Amino acid sequence: MCHLQAMPGDPNYDKDGGMEKVVELARKDFLALQNGGVDAVMFSNEFSLPYLKKVNPETTAAMARVIGELKSEIKIPYGVNVLWDPYASLDLAAAVGASFIREIMSGVYGSDFGLWDTDTGAIARHKRKLEINKVKMLFNIVPESARYLVDRPIAEIAKTTVFNNNPDVICVSGTNAGASTDINILSVVKNAIPDTAVFANTGCKVETIGDIFKIADGAVVGTTFKKDGKFVNLVEEDRVKRFMDKVRSVR
């Protein structure tokens, strides 16, 4: 994860530092990730807290600027996540040539952001309209800070999500960014959909990634790469390298 700082329109935007500061810090984090050996990077507006379910256009535009300024330096696959708006994520992917998006694209949830409803059919048609059929879709079926409104077993949710939506990846999260993914839930989901890729979406650490990869096909990693393993800090290349050395040993 390359977490972008708050941008124009966000409550915590640094108007004195401006977009130049956003780009500068994004470049530092991105290069630390790329030089540290990650397989791919996903750009997200992580510091746009509190998140919108339908983002304003200035957020998508600002993210496109950041990625555009970095694009000549990007040597690995990259994706985007405009929190929490799958339509904006697809728009951004189309604009910057991203390979994948991650979003909440199925289900109905009660969340810190209010009632969280989705429309997978509309999302799929929006993707088709943009003619970006090669963009991979990472479905998060255990959203952070939210719970499914209907009491359904997670294995059932995984199976019906795959049947109805044909996702490229199913992501399983902890309660929030940096919180460990429940290894038991991860196992239940993978066993339910053995032919679909399953990722641990939060809270992966160098001490736990070996056990995670006994079950999961991949992982989305952000907080553990940052100084002292704290969400608000910048990425440290040495932490990335240590983590990726462990990943290579597991592989």
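The values are calculated or read from the model by the stated rules, or taken from the named source; none is laboratory data. Computed from a prediction, not measured in an experiment: that's the story for all the values here. When we count neighbours, we look across all protein chains shown, and the Cβ atoms used for this are built from the backbone with ideal geometry, even at glycine.
Screening the candidates Glu144, Glu103 for the property of being surrounded by 14 or more Cβ atoms within 10 Å (Cβ to Cβ), within 24 Å of Ala62 (Cβ to Cβ) and modelled with pLDDT under 95 yields one hit, Glu144. Within region 181-236, the set of residues being surrounded by fewer than 16 Cβ atoms within 10 Å (Cβ to Cβ), in a loop (DSSP other than H, G, I, E, B) and either more than 19 Å from the chain's Cα centre (by Cα) or on the phi > 0 side of the Ramachandran plot (or both) comprises Pro194, Asp195, Glu207, Lys214. For region 72-83, the condition of being surrounded by fewer than 19 Cβ atoms within 10 Å (Cβ to Cβ), of a type outside the set (Phe, Trp, Tyr) and under 17 Å from the mean Cα position of the chain (by Cα) holds for at least one residue.
Return the residue satisfying two criteria in turn: it lies in region 161-180 and is of a type in the set (A, V, I, L, M) and within 18 Å of Ile123 (Cβ to Cβ), and of such residues it is surrounded by the fewest Cβ atoms within 10 Å (Cβ to Cβ). Filtering first and then ranking leaves Val162. Exactly one residue out of Ala158, Ala93, Ala88 is buried (at least 20 other Cβ atoms within 10 Å of the Cβ), farther than 27 Å from Pro50 by Cα and not acidic (Asp, Glu): that is Ala158.
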